[in-house]
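Contents: one structure, followed by commentary.
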Amino acid sequence: MPELTGLPALPNHADAAVYRILDANLDRAREGLRVIEEWCRFGLNNSAQTEQLKHLRQTLAQWHAPELRLCRDTPGDPGTALTHSQEAERTNVTAVLQANFCRVQEALRALEEYGKLYRDDLAAGSKAMRYQVYALESEILGGHRLQRLRQGLTYLVTSPCDRLLPIVEAALQGGIALVQYRDKDTDDYLRLELAQKLKDLCHRYGALFLINDRVDLALAVEADGVHLGQTDLPVFTARQLLGNQRIIGRSTTSPDEMQRAIAEGADYIGVGPVYTTPTKPGKAAAGLDYVRYAAEHATVPWYAIGGINTENLSEVLQTGAERVAVVRALIEAENPTLIAQYFAAQTNHRRAFHTVAASTG
Ligand SMILES: Cc1ncc(COP(=O)(O)OP(=O)(O)O)c(N)n1
Ligand SMILES: Cc1nc(C(=O)O)sc1CCOP(=O)(O)O
Ligand SMILES: [Mg+2]
């Protein structure tokens, strides 16, 4: 590589390729940062994050030396014609943010590796910046996760079936806000593969993705959180492993369990079984009385679960539930999109009713 003092001599072919890589990735990283910055500024009104992102962009601009721009050959770059089908599929802010964090991190990694052939400070700086971007990602999307949990009213818990991915996608198209991957019997390598696919699918639709029982699997696929029952890991242990940015849900069947789960720091609770259900054989129903208790006492988001379907939904909502979780009602539905739309419409309607009731005292 030429000495970078004053105007450089024209680089040879290999060096020119490295310059082009650096030029393209400096642009890519800055563009991605700008997209995220706009959300911090106008969406979150967060001046500290906005400033931090602006500073990162300005640092990248300082590294973007004229000799790198001089090597640019946009018409001769075969990459400019390629677009990924998922680029056209962003359906909400979370998907936009996720895609742009990913883009910035990839660009910084390329700058770090190819920067070693150019300037040590660019390589080391890109590495340090990548870690800052990871931290920002979990701050912004982590906070965002809890916000989305508060907004989410409908929850699909999966059970093993042949067409799981298309069924989940159909439910997501109908507006399901959270999906939990629950499979007690499959081998771990298959679980891992399916969990990864389900996570990608959920994130394409802006839905939260959680894993039943397994903190290790949740970490492995970078799920949004985990759901733990009374005999699974304690919330405290899961929190140590998952940190504050991921969601931890806890099943509860009685007021005592509810109060303990809240005290332990669960982000949401399952309230059930409302009705006996073949999905959880042998577990006695906690009934509508417990739903009523939750409506009066729960201080975290809570999902009524167990035997809920389109026929008894209104009874559950009238008893005070705003959020519901179901397995069979969606997994076994002839048309999961229609059923999901029905659940979404009814729960939204109920929330609007509660909001008006609260504001009029
Ligand atoms: C939303 C939600 N609520 C309750 C449960 C049940 O969890 P658990 O008691 O651990 O039983 P299993 O699902 O592990 O059989 C849940 N999964 N999701
Ligand atoms: C997984 C699960 N947990 C429950 C609890 O009350 O803790 S009830 C349940 C199964 C819910 O399935 P379906 O919607 O098919 O009745
Ligand atoms: Mg469990």
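The values are calculated or read from the model by the stated rules, or taken from the named source; none is laboratory data. All values reported here derive from a predicted model rather than from experimental measurement. Virtual Cβ from ideal backbone geometry, glycine too; neighbours counted across all protein chains shown. Heads up: the accessible areas ignore ligands, DNA and RNA and are worked out on the full protein's heavy atoms, side chains in. Shrake-Rupley method; radii C 1.70, N 1.55, O 1.52, S 1.80 Å.
Starting from the residue with the highest accessible area, list Val96, Val235 in decreasing order, probe 1.4 Å. Each step should come with its number before you reach the end.
Values: Val96 50, Val235 0 Å².
Ranking Val96, Val235 by accessible area, largest first, yields Val96, Val235.
Simple point charges give the picture: +1 on the Cβ of Lys and Arg, -1 on the Cβ of Asp and Glu, and for the chain a dipole about the Cα centre of about 600 debye.
Please report, as a whole percent, how much of the solvent-accessible surface of the range 243-359 comes from carbon and sulfur atoms (probe radius 1.4 Å).
On the way: 2740 of 5480 Å².
Answer for the range 243-359: carbon and sulfur cover 50 percent of the accessible area.
Mind jotting down the distance between the C-alpha centroids of the range 224-263 and the range 174-215, whole Å? Rounded to whole Å, the Cα centres lie 18 Å apart.
Taken over the chain, lysine pairs spaced eight or more positions apart, or on distinct chains, with alpha carbons under 23 Å apart number 6.
If I take every Cα pair under 8 Å that is 6 or more residues apart in the chain, average their sequence separation and divide by the length, what percent do I get for the relative contact order? Intermediate values should be presented prior to the final figure.
Details: 539 pairs, mean separation 48.9, N = 361.
In percent, rounded to a whole number, it is 14.
Amide H to amide H distances under 5 Å link Gly229 with Asp213, Ser251, where only residues 5 or more positions off or on other chains count and H is placed in the peptide plane. Only protein heavy atoms count here; under a 1.4 Å probe, Lys54 has an accessible surface of about 80 Å².
Can you show me the helix-derived [θ] at 222 nm for the chain, built from DSSP H runs with n ≥ 4 at -39,500 (n - 2.57) apiece and divided by the number of residues, rounded to the nearest 500.
Details: 14 runs with 199 residues, N = 361.
After summing the helix terms and dividing by the residues of the chain, the value is -18000 deg cm²/dmol.
Accessible surface computed residue by residue for the chain, with neighbouring protein chains in place and a 1.4 Å probe, gives 49 Å² per residue.
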